[in-house]
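Okay, so here's the structure we're looking at.
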Amino acid sequence: MNKLLKYILLFVLVGLLILIRAFEEQLFYDPYLVFFQNDYLYLDSPRREVAKLIGFTTLRYFLNTIISLGIIYMVFRNKSVIKFASVIYVIAFVILLIVYMYFVINPKQEDYYMFFNVRRFLIQPIILILLLPAFYYHKIKK
């Protein structure tokens, strides 16, 4: 693949991640967006529709995962890396969603910090930020 095309595709994929973040309020149902900006300091957990919240969180994770796998593929051009990253994403999703559902169903003020961070892993491409240097390190050590 031509280097220029590779960089254009990387730019487009990163742009898609930025667009998801920029339009998160319009695209996804998430009453915790405003809550964790300031309200968690003095209010109880907001009213929420649990099934709708889980569905939109799953959708956002799925979109971030597909785009992130595209970025990883464009950087490393190795299908075994994509397969391994996919396994990591699936395992992380299952574990994080179980913990997330616990915090959504049983909100306690003393758990808000942990809840915030688990939610962050689900709605932002943090796993990509962890995997890129890990795969790069593995590549240069080979």
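Tabulated data for the structure shown
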quantity: Condition broken by V50, with the remaining ones in (1) surrounded by 11 or more Cβ atoms within 10 Å (Cβ to Cβ); (2) in contact with a helix residue (DSSP H, G or I) (Cβ under 8 Å, 6 or more places away or on another chain) satisfied; calculated: (1)
quantity: Qualifying positions in region 100-117 - free of Cβ contacts under 8 Å to residues at least 40 places away in the same chain and surrounded by fewer than 18 Cβ atoms within 10 Å (Cβ to Cβ); calculated: Y102, N106, K108, E110, D111, Y113, M114, N117
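This table checks each residue for (1) within 17 Å of the chain's Cα centre (by Cα); (2) of a type in the set (S, T, Y); (3) surrounded by fewer than 12 Cβ atoms within 10 Å (Cβ to Cβ); (4) at pLDDT 95 or above.
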residue	(1), (2), (3), (4)
V12	no, no, no, yes
L17	yes, no, no, yes
Y32	yes, yes, no, no
N38	no, no, yes, no
Y61	yes, yes, no, yes
N64	yes, no, no, yes
R77	no, no, yes, no
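The values are calculated or read from the model by the stated rules, or taken from the named source; none is laboratory data. Since the model is a prediction, treat every value here as computed from it, not as a measurement. Virtual Cβ from ideal backbone geometry, glycine too; neighbours counted across all protein chains shown.
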